[in-house]
Amino acid sequence: RDCQQADTKYLSGWKQWKRTSSKSLKKVLSEVKELSSYLELWRHDIRSIEGKFGTGIQSYFSFLRFLVLLNFIIFILMFSFVTLPTIISEYGIFNSSFAKIPPKNTEPHCTVYKPSGNKGLVYFYTYLKDLLSGTGFLEVTSLFYGYYTIDAAWLSVLRYNLPLAYLLATFAYLALSLLWIIKRSGEGFKQNLVHAEDQFQSYCNKVFAGWDFCITDPNAAQLKHRSLQYELQTDLEEERLKRKIADRTMKEKLRIYSLRIFINIIAIAVLSGCFYSIYIATVFSQENSNDVSNTNFQANLLVQYLPSMVITLANFIAPQIFSFLIRFEDYSPAFEIRLTLMRCVFVRLANIGVLLFSLWSQISYCATDKCKACGYNYELYPCWESEVGQEMYKLMIFDFIIILAVTLFVDFPRKLLVTHCSCKPVQWCGLQEFGISDNVLEIVYGQTICWIGTFFSPLLPAIATIKYFIIFYVKKISLMHTRKPAARPIRASSSNFFFLVVLLIGLVLAFIPLGISIAHIPSSKACGPFRSFNTSWAVVPDTILGFPTGLQQVLHGIASEAFAVPFFMVICLIMFYFIALAGAHKRVVEQLREQLVMVRCDPIF
């Protein structure tokens, strides 16, 4: 320090000011960062969970916090650029107004839309049904797509293109989600690479560096002991299986591969049964939901929620079957867990895809010339986007109800029985384990519904934010009082990476139905901001036509093959460069490991 101060005397005034301001800026940023850590959501709760149950379970609650923040930002985005301008223009705030341009070259019967909003005095249970199903008074609110039937909003002298803003906001929330997930998964991937070492290093790490020093609770410490023991047993089992695989005869290989093919055929049959059940339930629900008398509250609600109930049942039964079948496939314990989880991920996310396919098959079905003139089934779905939004809304509400019901009516009674009943069967069953992977699949399923549904229901992220906020406390209470940590926990670094990979799969799945809805299926001519366009995407070329000629030529050039082919080749070259660089780094790491082994061997000689 004395040397630095002595050197400072010989610096010019500008350099002295620059060094002083740099130090002051670093100090301010450090204090701001420290202060912001105290404002972090659930900071104390997550640290207490980490202290009692270790980093594995803590990673689940951190993941839940990430989804709360992500959904809140998506809600702010959609509300600011879609909902708020619509409300301001409709109520004439800030000297604003709006314009509704009737669709051109459209048959009059395609533009008829009479929402089933409640008029006059209605029974209380009708409001309850509407609240649970998104129909009635909710259908005509800003929650659903049909409310935004505005072509332009005028804020003083500024024209706000609502259709373009609606589409760009959709692309923005998808891009934001993708970039944020990739950024977080990149950090987890780096940690995951560190643990992907050979078995000898894995053994040394478990023995000398396997303890989690965040644990302060004796029960959690005992659980960690069992976890380390289980991991060592798993490593030994994997080594035994490797030797067994190496010693297999051709006859044994033929038998095990035949058995695996047969089991995979059974798994495909189970998936097909689930998909067919969802398809039948969706078609039945869509055809009969409007035919059931409004006075029969239970029957009407049951018919409307039939697809959601079938999907929930499939999500419960299929994983149980997969967990039973995997035992006969003779895989290593680690691969068994990964394969079962990936099958469960596929079931949960593919079920949403089958539901949407069933809806689209009904929406696109046209048997008359009048229907073909509209491009969709205008009689059953005058505003099909709101119908899809209602289905996503019902899936989210039903998923939330199931999570609460399992905690209240399954976990709590089981806890009371285990605590106060000394019967051997009850004690043998014990408390339900807090399975991290199952809980993660549960919330990823809900998040995928939110991503798909936000285009059809712009305020759905607000519901998702409230849902996950409540689920955090429900799961915390469940972990503390009604469940026990899993006997086979997963490492925090690998679990964080796995959570984000599953979430990324859900996001990629959400791209497919949204892309089809935006670019392929004709938009409703009776509601929504895209009434005047054949598809939602058509607003983009229509907007480009209003640009200056020079800018139009630049954009058309970027979209042409003459630009796309060289751009693709440059991207491929960059990718090959980074692959080669990664390979070189890997070889250097291997050489350094060999040198470390040599350094260790030197003292022997």
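The values are calculated or read from the model by the stated rules, or taken from the named source; none is laboratory data. What you see is a predicted model, and the numbers here were worked out from it, not measured in a lab. Don't worry about glycine lacking a Cβ; one is built from the backbone with ideal geometry, like all the others, and counts go over all protein chains shown. Heavy atoms of the whole protein, side chains included, go into the accessibility calculation; ligands, DNA and RNA do not. Shrake-Rupley method; radii C 1.70, N 1.55, O 1.52, S 1.80 Å.
Residue by residue, here is whether (1) modelled with pLDDT of 75 or more; (2) in contact with a Lys or Arg (Cβ under 7 Å, 6 or more places away or on another chain); (3) closer than 13 Å to Leu479 by Cβ holds:
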residue: Cys3; (1), (2), (3): yes, no, no
residue: Gly13; (1), (2), (3): no, no, no
residue: Ser30; (1), (2), (3): yes, no, no
residue: Ser36; (1), (2), (3): no, no, no
residue: Leu41; (1), (2), (3): yes, yes, no
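Just one residue in the set Gly353, Gly375 is in the same structural domain as Thr448 (by the TED database), touching a residue at least 24 places away in the same chain (Cβ under 8 Å) and within 19 Å of the chain's Cα centre (by Cα); that residue is Gly353.
Would you check which residues across segment 446-483 are open to solvent by 10 Å² or more (accessible area, probe 1.4 Å), outside any helix (DSSP H, G or I) and either touching a Pro at 6+ places or on another chain (Cβ under 9 Å) or modelled with pLDDT under 90 (or both) and list them? Arg483, the sole residue that qualifies. Here Gly546 passes the criteria (1) modelled with pLDDT of 85 or more; (2) open to solvent by less than 90 Å² (accessible area, probe 1.4 Å) except the one numbered (1).
When we screen Arg587, Arg593 for residues that are on the phi < 0 side of the Ramachandran plot, at pLDDT 85 or above and outside the structural domain of Pro529 (by the TED database), the only hit is Arg587.
Going through (1) closer than 24 Å to Leu349 by Cα; (2) open to solvent by 40 Å² or more (accessible area, probe 1.4 Å) one by one, Lys586 falls short only on (1).
Residues checked against (1) modelled with pLDDT under 80; (2) open to solvent by 20 Å² or more (accessible area, probe 1.4 Å); (3) of a type in the set (S, T, N, Q):
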| residue | (1), (2), (3) |
| --- | --- |
| Ile87 | no, yes, no |
| Asn95 | yes, yes, yes |
| Ile101 | yes, yes, no |
| Tyr125 | yes, yes, no |
| Leu128 | yes, yes, no |
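Beta carbons closer than 6 Å, at least 6 apart along the sequence or on distinct chains, pair a first residue in segment 216-245 that is under 19 Å from Glu336 (Cβ atoms) with a second that is surrounded by 15 or more Cβ atoms within 10 Å (Cβ to Cβ) and among the small types (Gly, Ala, Ser) for Glu238/Ser332; Leu241/Ser332.
Hey, could you check segment 240-261 for residues that are open to solvent by less than 70 Å² (accessible area, probe 1.4 Å) and among the charged types (D, E, K, R) and say which is nearest to the chain's Cα centre (by Cα)?
First, pick out the residues of segment 240-261 that are open to solvent by less than 70 Å² (accessible area, probe 1.4 Å): 241, 248, 256, 258-260.
Within this subset, residues satisfying the condition of being among the charged types (D, E, K, R) are 248, 260.
Working: Arg248: 42, Arg260: 31 Å.
Within segment 240-261, the match that is nearest to the chain's Cα centre (by Cα) is Arg260.
Residue selection: Leu339 fails the criterion of being of a type in the set (A, V, I, L, M, F, W, C), part of a helix (DSSP H, G or I), in contact with an Asp or Glu (Cβ under 9 Å, 6 or more places away or on another chain) and open to solvent by less than 30 Å² (accessible area, probe 1.4 Å).
Would you mention how many residues in segment 156-188 are open to solvent by 20 Å² or more (accessible area, probe 1.4 Å) and under 25 Å from Ala519 (Cα atoms)? Number of matching residues: 10.
For Arg243, indicate whether it is within 30 Å of Glu329 (Cα to Cα), outside the structural domain of Phe499 (by the TED database), modelled with pLDDT of 80 or more and in a helix (DSSP H, G or I). Here the answer is yes, as Arg243 does meet what is asked.
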